[in-house]
Amino acid sequence: MAIRAVLWDIDDTLFDYTSADRAGMQGHLAAEGLADRFPTVDRALGRWREITDLNWDRFAAGETDFQGQRRDRVRMFLGAELSDAEADAWFERYIVHFESAWSLFPDSLAVLDGLAADYRQAVLSNSSIRNQDRKLRVLGVRDHFEAVLCAAELGVAKPDAAAFHAACDALALDPGEVAYVGNEPDIDAGGAVAAGLAGVWLDRGGIGGRPELVRITDLGQLPGLLRGDTRFGALSAIG
């Protein structure tokens, strides 16, 4: 079955989330008078990511809503009992610093443009439409995508097959006609394959070690991989 559409992850795939996250945390700590609370910005960021992962798992399990996981992240990070309004305000101040550092990866726009003539494109993200639709518009690439689907609104998150199938349904395509591209080997490529899609792991760091997954190390490799097709069998060791 020929691939007719590319379904994209956003953060750390098209958008350099990690760099923006670090710059945003550094600026926010300084503005909040918290720079001395952690020995380094990387230590603070490591704690923030640990808390984010913990609370995202709670959200994915239905134990809290999207705004609730944000508030709990702030409370845990500060070790303080804050009202909802106080936690929301703190997070919004952080977002200002985070957004000031937003950028696409250098290879993102070229591949989106290069695939546009031959493949339909959409997004499936483990975030909220409020966040990701705005992000794509600020970055100037929203018009590349027919649909943007997010876990907060779907009520199910990657790697659950239902999330991938919802995106395929939005495109009115069979899972076998869709390739999913993302930076997480298990959540993205592995989850996509388990759901019947063609999964592509974007291994920007050159980690390797997952021979069962189709792997690329740069988005510039993606068009050739897709056009070679044959379910990527002959090209699975790219990178």
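Take the Cα of Leu109, step 7 Å toward its Cβ, do the same at Asp88, and the gap between the two points is 3.5 nm. Taking amide H as placed 1.01 Å from N in the peptide plane, Tyr180 has its amide H under 5 Å from the amide H of Leu7, Ala198, Gly199, Val200, each at least 5 places away in sequence or on another chain. Just the protein heavy atoms count here, and of the accessible area of the chain at 1.4 Å, carbon and sulfur take up 51 percent. The label point for Arg130 and the one for Ile207, both projected 7 Å from the Cα toward the Cβ, are 3.0 nm apart. Put a dot 7 Å past the Cα of Trp102, heading toward its Cβ, do the same for Leu78, and the two dots end up 2.4 nm apart.
Eigen-decomposition of the gyration tensor built on the alpha-carbon atoms of the range 1-77 gives equivalent ellipsoid semi-axes of 29, 19, 9 angstrom, largest listed first.
For the range 101-239, the per residue solvent-accessible surface stands at 41 Å², with DNA, RNA and ligands left out and a 1.4 Å probe. Diffusion of the range 119-239 by Stokes-Einstein, at 20 °C in a medium of 1.002 mPa s and with Rh set to the Kirkwood radius over alpha-carbon pairs, works out to 146 µm²/s. The calculated 222 nm mean residue ellipticity attributable to helices in the chain amounts to -13500 deg cm²/dmol, summing -39500 (n - 2.57) over DSSP H runs of n ≥ 4 and dividing by all residues.
The values are calculated or read from the model by the stated rules, or taken from the named source; none is laboratory data. Just so you know, these numbers come straight off a predicted model, no measurement behind them. In this analysis, Cβ positions are derived from the backbone assuming ideal geometry, glycine residues included, and neighbour counts consider all displayed protein chains. These area figures cover heavy atoms from the full protein model, side chains too; ligands, DNA and RNA do not enter into them. Shrake-Rupley method; radii C 1.70, N 1.55, O 1.52, S 1.80 Å.
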